[in-house]
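The values are calculated or read from the model by the stated rules, or taken from the named source; none is laboratory data. Note that the structure is predicted; figures quoted are calculated from it, not measured. Glycine also receives a Cβ, built like all others from the backbone with ideal geometry; neighbour counts cover every protein chain displayed. Protein only, heavy atoms only, side chains kept; ligands, DNA and RNA dropped before computing areas. Shrake-Rupley method; radii C 1.70, N 1.55, O 1.52, S 1.80 Å.
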Amino acid sequence: MKTFQEMSRQELEELKNKLTVQFEEIKAEGLKLDMSRGKPAPEQLDTAMPIMDVLNAESDLRTESGTDCRNYGLMDGIPEAKRLMAEMLETKPENVIVDGNASLSIMFDTVSHSMTHGVCGSTPWCKLDKVKFLCPAPGYDRHFKVTEYFGIEMITIPMTEDGPDMDLVEKYVREDASVKGIWCVPKYSNPQGYTYSDETVRRFANLEPAAEDFRIYWDNAYCIHDLYEDKSDTLLEILAECEKAGRPDLVFEFASTSKISFAGAGISAVASSAKNLEWFKKAMTIQTIGPDKINQLRHARYYKDKAGLRAQMMKNSALIRPKFELVLEMLEKELGGLGIGKWTNPLGGYFISFDAMEGCAKAIVAKCKDGGMVLTGAGATYPYGVDPKDSNIRIAPSYPSLAEMREATKLFVLCVKLISIEKILEE
């Protein structure tokens with residue numbers, strides 16, 4: 001098999017004409033496909049519906065400690081929910097605050113409180129000349145939007161299969177006191193599906209920040225989101241490693257059940273040291289009188305423990321896994337060996353990361369849209385929406401049906417081929 005680069009101009013032009021006919025045929029079908037976000041499919045949400053039957057008008061809505069969940073109180077979460085989320089994060093309940101439905105809200109508030117009031121008594125960031133964040137990329141676009149919203153300067157850190165380039169991370173953190181944080185998705189990273197190696201986690205725990213208020217924003221969103229029951233990545237637990245290193249305050253860990261139970265009605269948590277949690281609580285006492293404890297109780301009584309959460313995830317995985325396998329199979333069949341793209345093959349999480357030829361990602365995404373499919377904007381996986389190579393595209397297989405996923409991938413590989421040929425012919 002020839003790569004596209006090995007083909008003659010005539011061969012490429014003939015292939016382009018043939019593929020253009022195929023594209024126009026697909027376009028005429030009037031497809032309306034959306035793969036722009038990693039949303040759970042309706043069928044996946046259906047698997048969690050029994051959680052709604054746990055509580056009713058006759059239920060005892062008191063926690064195991066006797067607090068009435070219908071009333072005020074327990075601002076940092078009910079004991080049962082703290083225990084559940086602690087098990088999921090492999091830490092202790094006393095290290096956890098359980099909040100509302102979205103961990104992104106906690107992350108936003110954390111940055112906001114740091115801006116206005118400082119971290120644990122340090123100077124508020126708004127009073128500093130410069131505040132910077134390290135941003136492993138490709139990465140989670142919503143992380144970058146939060147720091148961009150607050151005017152924080154973002155520094156791109158290249159990702160490897162073991163996690164961020166730790167030589168660069170250590171250099172920035174050690175030498176620049178204006179670096180106040182780093183965004184991390186440590187297990188099944190968004191979008192590549194990489195899991196940080198043990199060495200990477202230990203190097204994070206042993207960071208020596210120039211800034212006393214530097215924190216690692218450890219968004220462990222996919223901590224139990226394995227696609228397979230018999231094979232999965234493992235992640236070293238960061239809080240314990242920070243304690244071993246004598247740096248217990250170094251990390252804020254975030255998680256939620258948004259892709260376990262309901263995306264709009266789950267529960268979220270932050271885990272950290274006692275000192276950091278007191279700082280969180282100080283702001284929370286002003287911000288809220290308490291979270292939705294009834295929803296926390298519902299989750300705690302239904303899932304009970306980590307085994308219950310994992311059982312739910314296997315139901316979800318049974319629906320998601322065939323879509324991932326379909327995409328990967330079609331990518332290999334249609335693009336393998338052509339020299340016009342490479343992609344990740346994750347064991348969990350919600351995304352597949354595709355790298356096209358340099359200078360092609362925006363054109364591929366635009367071509368897909370013209371054909372009837374919306375993808376995450378090219379560049380979204382980089383700070384400020386600027387991918388310096390214009391090559392990374394995030395594929396989100398979870399929401400479409402299997403049939404839709406087949407059509408979407410068929411269109412995607414067609415667009416990759418067409419844009420790649422145009423790029424090669426231009427050069």
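The figures follow:
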quantity	calculated
Boolean, Glu170 is open to solvent by 50 Å² or more (accessible area, probe 1.4 Å) and touching a residue at least 12 places away in the same chain (Cβ under 8 Å)	no
Among residues of the range 38-68, those that are farther than 17 Å from Leu319 by Cα and under 31 Å from the mean Cα position of the chain (by Cα), counted	6
Selection within the range 377-427 - among the hydroxyl-bearing types (Ser, Thr, Tyr) and in contact with a helix residue (DSSP H, G or I) (Cβ under 7 Å, 6 or more places away or on another chain)	Thr381, Tyr384, Ser391, Ser398, Thr409, Ser420
Any hit, the range 58-68, residues being in a loop (DSSP other than H, G, I, E, B), surrounded by 13 or more Cβ atoms within 10 Å (Cβ to Cβ), among the polar types (S, T, N, Q) and in contact (Cβ under 8 Å) with a residue 40 or more places away in the chain	yes
Selection within the range 304-339 - in contact with a strand residue (DSSP E or B) (Cβ under 7 Å, 6 or more places away or on another chain) and β-branched (Val, Ile, Thr)	Val327
Set Gly77, Gly121: member being open to solvent by 10 Å² or more (accessible area, probe 1.4 Å) and either under 30 Å from Asn345 (Cβ atoms) or assigned to a loop (DSSP other than H, G, I, E, B) (or both)	Gly121
Tyr196 being closer than 20 Å to Ser391 by Cα, in contact with an Asp or Glu (Cβ under 8 Å, 6 or more places away or on another chain) and of a type outside the set (Lys, Arg)	no
Matching residues in the range 393-412 - criterion: being surrounded by 21 or more Cβ atoms within 10 Å (Cβ to Cβ), part of a helix (DSSP H, G or I) and hydrophobic (A, V, I, L, M, F, W, C)	Met405, Ala408, Leu411, Phe412
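Matching residues to (1) modelled with pLDDT of 95 or more; (2) β-branched (Val, Ile, Thr); (3) open to solvent by less than 30 Å² (accessible area, probe 1.4 Å); (4) more than 17 Å from Thr67 (Cβ to Cβ):
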| site | (1), (2), (3), (4) |
| --- | --- |
| Gly264 | no, no, no, yes |
| Ile267 | yes, yes, yes, no |
| Ser273 | yes, no, yes, yes |
| Lys281 | yes, no, no, no |
| Ile289 | no, yes, no, no |
| Met314 | yes, no, no, yes |
| Ser317 | yes, no, yes, yes |
